[in-house]
1. Which of Met352, Met344, Met394 moves most in a GNM of the chain, Cα contacts under 10 Å?
2. Can you list residues whose amide H is under 5 Å from Asn91's amide H, if they're 5+ apart or on another chain and H is modeled 1.01 Å from N?
3. Could you pull out every residue, at least 5 positions away or on a different chain, whose amide H is within less than 5 Å of the one on Val104? Hs are placed 1.01 Å off N in the peptide plane, and Pro or chain starts have none.
4. Ignoring trypsin sites (Lys or Arg not before Pro) that are buried or in helix or strand per DSSP, and keeping those with at most 10 other beta carbon atoms within 10 Å, what is the longest stretch of the chain between them?
5. Considering amide H positions built from the backbone, and no H for Pro or chain starts, which residues 5 or more places from Leu257, or on another chain, come under 5 Å of its amide H?
6. For the stretch 305-316, just list the computed ³J(HN,Hα) in residue order, Karplus coefficients 6.51, -1.76 and 1.60, θ = phi - 60°, integers in Hz, with x standing in for Gly and Pro.
7. Can you compute 3J(HN,Hα) from phi for each residue in the stretch 397-409, using the Karplus curve 6.51 cos²θ - 1.76 cosθ + 1.60 with θ = phi - 60°, rounded to whole Hz and x for Gly and Pro?
8. Just to be sure I understand: with springs between alpha-carbon atoms less than 10 Å apart, which residue in Leu73, Leu197, Leu128 has the highest mean-square fluctuation in the Gaussian network model of the chain?
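Derivation of every value follows stated rules applied to the coordinates shown; laboratory data play no part. Just so we're clear, the structure is a prediction, and the values are computed from it rather than from any experiment. Note that each Cβ is placed from the backbone with ideal geometry, even for glycine, and that neighbours are counted across all protein chains shown.
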Amino acid sequence: MSIKENYEIAKQAYEKWGINVDEAVERLKNVPISIHCWQGDDIGGFEVNKSELSGGIDVTGNYPGKATTPEELRSDLEKALSLIPGKHRVNLHAIYAETNEEVVERDQLEPKHFENWVKWAKENGLGLDYNPTLFSHPKAADGLTLSHPNEEIREFWINHCIGSRKIGEHFGRELGTPSLTNIWIPDGYKDIPSDRLTPRQRLKDSLDKIFAVEVDEKYNLDAVESKVFGIGSESYVVGSHEFYLGYSLKNNKLCLLDTGHYHPTETVSNKISSMLLYSDKLALHVSRPVRWDSDHVVILDDELKEIALEIVRNDALNRVIIGLDFFDASINRVAAWTIGTRNMIKALLYAMLVPNDHLKQLQEKGNFTERLALIEEFKTYPFGAVWDYYCEKMGVPVKESWLEEVKAYEIEVLSKRL
Ligand code: RNT
Ligand code: ZN
């Protein structure tokens, strides 16, 4: 049977429940996923005076063929994008600037250092998102940046963040779609602090200074990302969830939730509805923590489906900005992007093919037996047939056939890199 025939049969099964499959497929086309560039080179970046990766995050593995130049990274991204259905976005970090062999300090970065990225994004119909890089730098060597006791160091990072928002604004203006500029800092302490308040006061003050500079919201949206712990900040993180939740609500900024940044039984899926009651938009870093904030490649697990369900059934596809954040250097990096991004899109499709309104009504009526029964039965509905059809329709490989393309790319391109 052809993909189309399988699709038609699947459609009938869903239509019995009043689910419009054609419409779901159309809707899915318009959901952009922000694909993080840093999976392609293990968060290395292209700074001339490059520092080791720091900030309490770690990439493990030594799979050959990582991108070592902007051209290589863009070429790898293009390969991955050709295997992922839909039109998406690419998320950059300041360390991916191209400065022509010149040392440009991070607080001196300007839109012109991202000219090639913007040109490439235009050619490929992509939006761009951005992040100041407040790690892998001598001025972040002690793990403190915006909350640093030293005013000069704080100022350096404040200026870097202000410049970053302008770069984001430039991306948004050039590409016709607002950029999300997300601030994440590593600040924290390994051991039990004797003062939790002062660093948080300083962080608040630094953020106030960063956001005091007007940047057009039509082109740039600001987000702040919290964390529960990092390597070297096990006991205390200055920018905790409560800190940023409070800050973002009070200052009308986006709160960014990274799925690896909460306690192991705490889920982001359960936070989305609460947050959407109080803010117009929120942002996600979809990742996969395995025992800790390990940033494994996103798989189609229960939590991913639950996140997608929360976005879809609350009609929040335009309010939740979906970005990815994982880095695995133990497998082919183009495959990592492809697997993780396809899974995010699959989860959204899955969520669109659940009789969400009916299930809501069952809950309202207190019919928990049917609620559970249907949720479980829908897990084995022919969702795969719809996914295959979607891939075919969007002109990307169906099922695992994309793997052949990655293998060929590995032989032709990746394996030839030093
Ligand atoms: C770190 C944060 C942050 C980084 C990227 C590279 O724990 O998740 O988002 O992963 O900025
Ligand atoms: Zn993150």
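1. Of Met352, Met344, Met394, the most mobile in the Gaussian network model is Met394.
2. Under 5 Å from the amide H of Asn91 lie the amide H atoms of Ile35, His36, Cys37, Asp129, each far enough along the sequence or on another chain.
3. Excluding prolines and chain starts, which carry no amide H, the hits are Val48.
4. Looking at the chain, 17-217 is the longest stretch - no exposed trypsin sites (Lys or Arg not before Pro) with at most 10 other Cβ atoms within 10 Å.
5. Those qualifying (amide H under 5 Å, at least 5 residues apart or on another chain) are Ala283, Leu284, His285.
6. Per-residue couplings from phi come out as 5, 5, 4, 4, 4, 4, 6, 6, 6, 9, 6, 10 Hz.
7. For the stretch 397-409, the Karplus curve yields x, 8, 6, 7, 4, 4, 4, 4, 5, 5, 5, 5, 5 Hz.
8. Leu197
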